[in-house]
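Readers should treat all values here as calculations from the given coordinates under stated rules, not as data from a laboratory. This one's a predicted model, so the numbers in the text were calculated from it and none came from an experiment. For neighbour counting, all protein chains shown are included, and Cβ atoms are generated from backbone atoms with ideal geometry for every residue, glycine included.
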Amino acid sequence: MNMPLPPEPPSDLAPRGRWGTWVAGRIDGVAHTARHPLFWVGAREMSGVSVGLTAWAFTTGVSMVKSGMSVTEALLMSLMVFAGSAQLAAIPLIAAGAPLWVIFATAFCVNLRFVVFSLHLRQYFMFLPRARRLALGYFTGDVTYVMYTRRFPKPADTERQRRAQLAYLWGGNCTNWVFWQVFSLLGIFLGSALPARWGLEFAGTLALLAVTCSLATGRLRALSALIAAAAAISLYGLPYRLNIVAAIVVAVVLCLYLDPKPPRPPPNPAEKEPGHA
Amino acid sequence: MRETDGWTLLAIVGLTVISVVTRSFFFISEREWRLPEWAQRGLQYAPIAALSAVIAPDILLSQGELGNLLRDARTWGALAAAAYYFARRGGSFVLPASIGVGMAVYLPLRLLFNL
């Protein structure tokens with residue numbers, strides 16, 4: 001009856017107690033990260049860039065409601081998907097009632113640049129448990145990736161460095177997220193008040209056009225864009241917006257065919273092991 | 001007016017999964033692994049092809065047909081945005097500024113001249 005309180009919460013807590021402990025632990029972790037000076041360095045550096053991204057976020061919000069989505073759907077999409085160019089690409093497909101797999105295939109292809117980033121970030125994140133890695137991946141967009149890897153060209157070796165790197169990245173990610181969502185939501189609410197005659201959804205198309213131009217580094221990439229555009233237009237009669245997927249396949253296959261193979265060192269027969277393909 | 005339906009919700013949830021999977025692609029699994037060589041080369045052509053395939057019909061087609069492009073506000077807006085981008089490439093805020101320039105050409109043509 002008079003036993004002292006146990007220092008640790010007992011393991012047979014009711015579910016709400018366990019959740020409470022978990023939430024408290026997470027809040028503690030977040031506060032720990034936010035107290036790190038580099039968190040605020042990351043936040044400050046990101047806010048300079050984010051000002052430029054606000055027009056983009058606003059445009060995405062406007063395009064969602066102008067395509068005929070309800071405010072609820074647009075809010076959900078903005079808060080959950082959190083990917084500007086994939087959203088802008090998926091919006092007309094959703095409005096046209098394209099099959100889900102066409103929408104997903106298109107969004108996946110638009111997002112393939114993140115697959116390349118993740119290969120690079122792997123060496124930075126592998127020490128974390130999987131759930132934390134996925135959360136970090138989800139919140140790391142184009143600009144925060146570029147700023148993070150520019151500031152830290154090498155992954156951390158010590159616990160101290162790891163904490164500093166993560167604090168910087170989370171500082172940038174949080175700023176990016178807040179700027180993005182605030183202006184995306186502004187676009188959603190103001191967009192439904194602007195007249196349809198203005199054709200403001202064209203701003204979404206222009207936003208994607210600007211990203212397309214930014215990706216056109218190198219002749220073959222520019223050619224890939226031209227082939228895909230021509231194929232998407234000439235195959236426009238295909239049902240279910242299949243012209244998009246078909247155009248991607250045609251452009252990638254043609255570019256792979258035209259792409260000069262990267263020069264490889266000639267195989268050295270002395271090093272070749274038997275049975276090694 | 002409908003607020004939402006199951007199909008749209010499914011699309012939104014699926015797109016969220018795609019955001020998580022593509023951004024974490026190479027650190028989902030603990031195992032070290034590589035893409036086949038052709039897929040790695042294909043990675044650099046697919047994103048631009050996808051974006052271009054989405055926007056080309058939106059800029060160039062009217063009701064599924066190639067109309068008179070010279071009398072279309074979208075053509076001039078898109079040309080202005082692309083020209084601005086390539087002229088100022090590498091500058092700061094060039095992406096939002098390109099959208100602004102494109103809209104500044106598009107809106108007057110559309111509203112004043114009904115192009």
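Cα centroids of the stretch A:173-233 and the stretch B:38-115: how far apart, whole angstrom? Going from one Cα centre to the other spans 9 Å. With the largest listed first and rounded to whole Å, the semi-axes of the equivalent ellipsoid of chain B from the Cα gyration tensor are 35, 22, 15. Put in order of Cβ neighbour count within 10 Å, fewest first, the listed residues A:Met64, A:Met46, A:Met80 become A:Met80, A:Met46, A:Met64.
Considering only A:Pro155, A:Pro195, A:Pro260, the Gaussian network model of chain A with Cα springs below 10 Å gives its largest mean-square fluctuation to A:Pro260. Fewest neighbouring Cβ atoms within 10 Å first, the residues B:Ile48, A:Ile227 line up as A:Ile227, B:Ile48.
From largest to smallest, what semi-axes in whole angstrom does the protein assembly as shown give when each is the square root of 5 times an eigenvalue of its alpha carbon gyration tensor?
Its equivalent ellipsoid spans semi-axes of 38, 30, 21 Å.
For B:Ser29, A:Ser47, B:Ser52, the sequence from fewest to most other C-beta atoms within 10 Å is B:Ser29, A:Ser47, B:Ser52.
Seen against the Cα atoms of chain B and their longest principal axis, helix B:46-60 is set at about 20 degrees.
Rounded to the nearest 0.05, what FRET efficiency is calculated for A:Trp40 and A:Gln123 with R0 set to 25 Å and r the Cβ-Cβ distance? Present the calculation step by step, with values, prior to reporting the outcome.
Numbers: r = 26 Å, r/R0 = 1.02.
That gives a FRET efficiency of 0.45.
Between helix B:73-87 and chain B there is an angle of about 60 degrees, using the helix long axis and the longest principal axis of the Cα atoms.
Note on chain A: with a GNM built from Cα contacts shorter than 10 Å, the maximum mean-square fluctuation among A:Ser214, A:Ser118, A:Ser70 falls on A:Ser214.
Ordering A:Val110, A:Ala57, A:Tyr168 by the projection of their Cα atoms onto the charge dipole of the protein assembly as shown, which places +1 on the Cβ of Lys and Arg and -1 on the Cβ of Asp and Glu, puts A:Tyr168 at the extreme positive end. Mean residue ellipticity at 222 nm, helices only, chain B: -21500 deg cm²/dmol; runs of at least 4 DSSP H residues each add -39,500 (n - 2.57), and the sum is divided by the number of residues. Among the DSSP helices (H) of chain A, those spanning at least 27 angstrom by Cα along their long axis with an average Kyte-Doolittle hydropathy of 0.0 or more are A:37-66, A:159-191; this is a geometric and hydropathy rule only.
Given the -39500 (n - 2.57) contribution per DSSP H run of 4+ residues, what per-residue ellipticity at 222 nm results for chain A, rounded to the nearest 500 deg cm²/dmol?
Details: 12 runs with 198 residues, N = 277.
Taken over chain A, the calculation gives -24000 deg cm²/dmol.
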